[in-house]
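The values are calculated or read from the model by the stated rules, or taken from the named source; none is laboratory data. Keep in mind that what you see is a predicted model, and the values were worked out from it rather than measured. Note: ideal-geometry Cβ built from the backbone for every residue, glycine included; neighbour counts use all protein chains shown.
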Protein chains: 2
Amino acid sequence: MVGLHDNVRIDSKRLWSTILHSAEIGPGKSGGLRRLALTDEDRVMRDQFVAWCEQAGCSVTVDRVGNIFARRAGADDSLPPVVMGSHLDTQVAGGRYDGILGVLAGLEVIRTLNDQGAVTKRPIEVVSWTNEEGARFAPPMMASGAFAGVYDVDWVLGIKDDDGKVFGDELKRIGYAGDTLVGGREFDAYFELHIEQGPDLERTDVHVGVVTGGFTTRGMIIDVHGETAHAGPTPMDKRRNATVGAAMLIVAANDIGWAYHPEGRSSTVRILCWPNKPGILSDYAQVTVDFRHPETAKTEQMVVDFKSAMTQAAERANVEMEIAQTWGFGDLNFDDECLDLIRRSSDHLGIPYREMLSLAGHDAYHISRVSPTALIFSPCHDGITHNEAEHIELDYTVPSVNVLLQSVLARADR
Amino acid sequence: MVGLHDNVRIDSKRLWSTILHSAEIGPGKSGGLRRLALTDEDRVMRDQFVAWCEQAGCSVTVDRVGNIFARRAGADDSLPPVVMGSHLDTQVAGGRYDGILGVLAGLEVIRTLNDQGAVTKRPIEVVSWTNEEGARFAPPMMASGAFAGVYDVDWVLGIKDDDGKVFGDELKRIGYAGDTLVGGREFDAYFELHIEQGPDLERTDVHVGVVTGGFTTRGMIIDVHGETAHAGPTPMDKRRNATVGAAMLIVAANDIGWAYHPEGRSSTVRILCWPNKPGILSDYAQVTVDFRHPETAKTEQMVVDFKSAMTQAAERANVEMEIAQTWGFGDLNFDDECLDLIRRSSDHLGIPYREMLSLAGHDAYHISRVSPTALIFSPCHDGITHNEAEHIELDYTVPSVNVLLQSVLARADR
């Protein structure tokens, strides 16, 4: 179906060796990675990625929030590029593949085209988005969000980590405060390959997931205001312990997740209390929660339920609560034409696929606002992710990379 | 009744000016203090205290955990000293008087004796115990505990703060790693004057509290072990979020406090979660709780109730929990003879007193294990404490300091 390059396949051993090389940069404690955004480990990985791209003949540009674009010229280089990518940063105790597969598969596609001496009509780019995980600087998917106009660039540059270090300063420190404008240019299409982060592909022995959309996700940060007091003498009815109010919110969010089980789920990923010290009741706490459900209306109802629980918890703990920040993603559809191209590429290669929804956030969500976008999943062992034990096998990973290759080629020669 | 010095009174203006001077060292944000143990602020306060003591003719020694002893010689300097004291460190957002009053009142007693040219039979000492608050290095009352043999000295020296800084290193850094052995010497008696940290004295317009004992307090640190996983895809029945287990413990502890209200109370002062980051469920959490009741059996029952709640919470959150550390204080009586001396001193001065229990922990608890000990309370405005708004008035504070003076004099001339 596809065109001139029907029989091209990626070099799976080269891809795997590239992934293993990445797995040595910022090793975790038990086989995974700790490569937080804008750390020295991130810098070493970025330098390596840029070197690989330049060795592959690409021209590399970096934008003001540190997103790296490696470009393989097209026959008509004035046309918008077909872009592949994901992210190279990890969670604090993350795996070797989350995000990384998508970037390094993109590099492998370019290397394969070089091997073939292929010339595509449109340019092809690989992008590594800065700080997808949000593990060091919240929120997650920050730099793809800035690219898509969801976040203001200066706001992103001013965000601080838990040690008070500023995103923009750290970006400069590692040498990736680029001068290219963030966003404002056209992609022909954006394809992101990512591990599933769930067990369904492996369980059904299908190696390609065509992601048609996401679970609707709504997240928020709640500030809880109480009053400091001595932990001993203060009688129960005079206490305004922010930690107790925050704990009630966490339990309520968890109960709501169970009420919408098995489709729905809720998470509390973060609680901060102040002063959080022996002998004193805390006067301030902050809780980060989110709610996910495949049906948008159900997610919205979970939020309504939670707000009602907030009111009760505030009264019961004798504290004040307010929602300080909200976000949402997942309730949108990817591009029909791009999705269909993935289906046809899979068919062409004789690789079965299944349609699925993503439960996690991905840079592709943001990019879908400014470009035709599709997300491809490949299997992930036991669905374990955001964990050093995250694991994939080469033989069930290669099919999705070849689907990516065929889809990008078809799109670039269109 | 008392002896040679019946008509001696402290210099209240000098005492107040000394307290105000202390209130300038490590100022907080709203009139209180932030003078955490072994910080630069603590060093400046210690230097000032030592200078004041030496100006008052005292010889100063510092023990291996940084406790400072200022000694006014007695006629028979081979006799065990009568000791007064408390602590000069504060909470992270603490008041100007908690602990500080007890140390500086002791200094004022010595200055008053100097004014009189008084010679006492026994030596008199003022002690400032290191790190009573435990706000930076847990547990609280650490250095008086080491003095009383409750804690091992090397264990104390090895404790780390939240930034990983070591107690012993920080003590050296500020110049207060003394060479005197910790404990192992006799006190004739120990008198601690402290603000009440409750509203009862003020409410009843009584200015001296004779503290006969304490609320029985039982505290513990619970470790919660779950598993990291992606906050999105993981279904509710596969989650092992340590933060959720910890939150259930906090809510349970709070409910138990209410079940024993008004006499009983419970506190959760501290929760730590790891990694506590966006996008990932935490695999480890730590919660610090305590339970207090005037009746020891009731406090013990609160702990039994809590352990039962722990079992339920561990099952409900699908995590493991274990008690990592426990402590207790308050279920002991102070020395009858010392208490009676305080009563008689108050009567002699025509100052009404009331008997009471302490709800908070004090260095005096530990010292009561190795010395006849008594604790005197003076009023505290609205009972507000461990809060920058902590406030006392000179006119209702001076009576307790004169009671301290008379009691110490009587004991020292015994």
*Taking region B:269-287, which residues are hydrophobic (A, V, I, L, M, F, W, C), under 15 Å from B:R239 (Cα atoms), touching a helix residue (DSSP H, G or I) at 6+ places or on another chain (Cβ under 8 Å) and within 8 Å of another protein chain (Cβ to nearest Cβ)?*
B:L281
_Which residue is nearest to the chain's Cα centre (by Cα), if the candidates are limited to region A:113-148 and must be within 29 Å of A:V289 (Cβ to Cβ) and aliphatic (A, V, I, L, M)?_
A:M141
*Determine whether A:A253 is outside the structural domain of A:I351 (by TED's automatic domain parsing) and more than 25 Å from A:G145 (Cβ to Cβ).*
no
*Residues B:G257, B:G245: which one is touching a Lys or Arg at 6+ places or on another chain (Cβ under 9 Å) and more than 7 Å from chain A (Cβ to nearest Cβ)?*
B:G245
*Of the conditions (1) more than 18 Å from A:I10 (Cα to Cα); (2) of a type in the set (D, E); (3) more than 13 Å from the chain's Cα centre (by Cα); (4) not in a helix (DSSP H, G or I), A:D89 clears all except one; give me its number.*
(3)
*asked:* Just checking, does region A:98-115 include any residue being in contact (Cβ under 8 Å) with a residue 12 or more places away in the chain, assigned to a loop (DSSP other than H, G, I, E, B) and surrounded by fewer than 24 Cβ atoms within 10 Å (Cβ to Cβ)?
replied: no
*Scanning region B:312-352 for residues that are part of a helix (DSSP H, G or I) and assigned by TED's automatic domain parsing to the domain that holds B:V244, which turns out nearest to B:M248 (Cα to Cα)?*
B:A313
*All but one of (1) in a loop (DSSP other than H, G, I, E, B); (2) at pLDDT 95 or above; (3) crowded, with 21+ Cβ neighbours inside 10 Å hold for B:V119; which doesn't?*
(3)
_So if I check each of A:Y176, A:Y151, which one is more than 30 Å from A:Q406 (Cβ to Cβ), within 19 Å of the chain's Cα centre (by Cα) and of a type outside the set (A, V, I, L, M, F, W, C)?_
A:Y151
*asked:* Looking for something touching a residue at least 24 places away in the same chain (Cβ under 8 Å), among the basic types (K, R), surrounded by 16 or more Cβ atoms within 10 Å (Cβ to Cβ) and under 20 Å from B:T18 (Cα atoms) - is there at least one such residue anywhere in region B:47-69?
replied: no
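Does B:M321 satisfy being under 30 Å from A:A389 (Cβ atoms) and more than 10 Å from every other protein chain (Cβ to nearest Cβ)?
Details: under 30 Å from A:A389 (Cβ atoms): yes; more than 10 Å from every other protein chain (Cβ to nearest Cβ): yes.
Against the criterion (under 30 Å from A:A389 (Cβ atoms) and more than 10 Å from every other protein chain (Cβ to nearest Cβ)), B:M321 qualifies.
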_Counted residues, region B:325-381 - those being acidic (D, E) and in contact with a strand residue (DSSP E or B) (Cβ under 7 Å, 6 or more places away or on another chain)_ = 4
*Considering each of B:D154, B:D200, B:D179 in turn, give the residue that is under 30 Å from B:T385 (Cα atoms) and surrounded by fewer than 22 Cβ atoms within 10 Å (Cβ to Cβ).*
B:D200
*Does A:D42 satisfy the condition of being outside any loop (DSSP other than H, G, I, E, B), within 17 Å of the chain's Cα centre (by Cα) and of a type outside the set (A, V, I, L, M)?*
yes
*Would you say A:I19 is assigned to a helix (DSSP H, G or I), surrounded by fewer than 24 Cβ atoms within 10 Å (Cβ to Cβ) and touching a Leu at 6+ places or on another chain (Cβ under 7 Å)?*
yes
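Residues checked against (1) part of a loop (DSSP other than H, G, I, E, B); (2) closer than 30 Å to A:E388 by Cα; (3) of a type in the set (S, T, N, Q); (4) in contact with a helix residue (DSSP H, G or I) (Cβ under 8 Å, 6 or more places away or on another chain):
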site: B:E170; (1), (2), (3), (4): no, no, no, no
site: B:G183; (1), (2), (3), (4): yes, no, no, yes
site: B:F187; (1), (2), (3), (4): yes, no, no, yes
site: B:E192; (1), (2), (3), (4): no, no, no, yes
site: B:T212; (1), (2), (3), (4): no, no, yes, yes
site: B:G232; (1), (2), (3), (4): yes, yes, no, no
site: B:R240; (1), (2), (3), (4): yes, yes, no, yes
site: B:E263; (1), (2), (3), (4): yes, no, no, yes
*Would you point out the residue of region B:70-119, among those that are of a type in the set (D, E, K, R) and away from chain A (no Cβ under 14 Å), that is farthest from B:F147 (Cα to Cα)?*
B:D115
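Can B:V92 be described as assigned by TED's automatic domain parsing to the domain that holds B:E41, touching a residue at least 60 places away in the same chain (Cβ under 8 Å) and not polar (S, T, N, Q)?
It is false that B:V92 is assigned by TED's automatic domain parsing to the domain that holds B:E41, touching a residue at least 60 places away in the same chain (Cβ under 8 Å) and not polar (S, T, N, Q).
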*asked:* Could you tell me how many of the residues in region A:365-414 are part of a helix (DSSP H, G or I) and over 18 Å from A:Y353 (Cα atoms)?
replied: 8
*Does B:L394 meet the test of being at negative phi, within 14 Å of chain A (Cβ to nearest Cβ) and in contact with a Lys or Arg (Cβ under 9 Å, 6 or more places away or on another chain)?*
no
*asked:* Being surrounded by 24 or more Cβ atoms within 10 Å (Cβ to Cβ) and under 21 Å from the mean Cα position of the chain (by Cα): is that true of A:A389 here?
replied: no
*Going by the structure shown, is A:M302 part of a helix (DSSP H, G or I) and closer than 30 Å to A:A374 by Cβ?*
yes
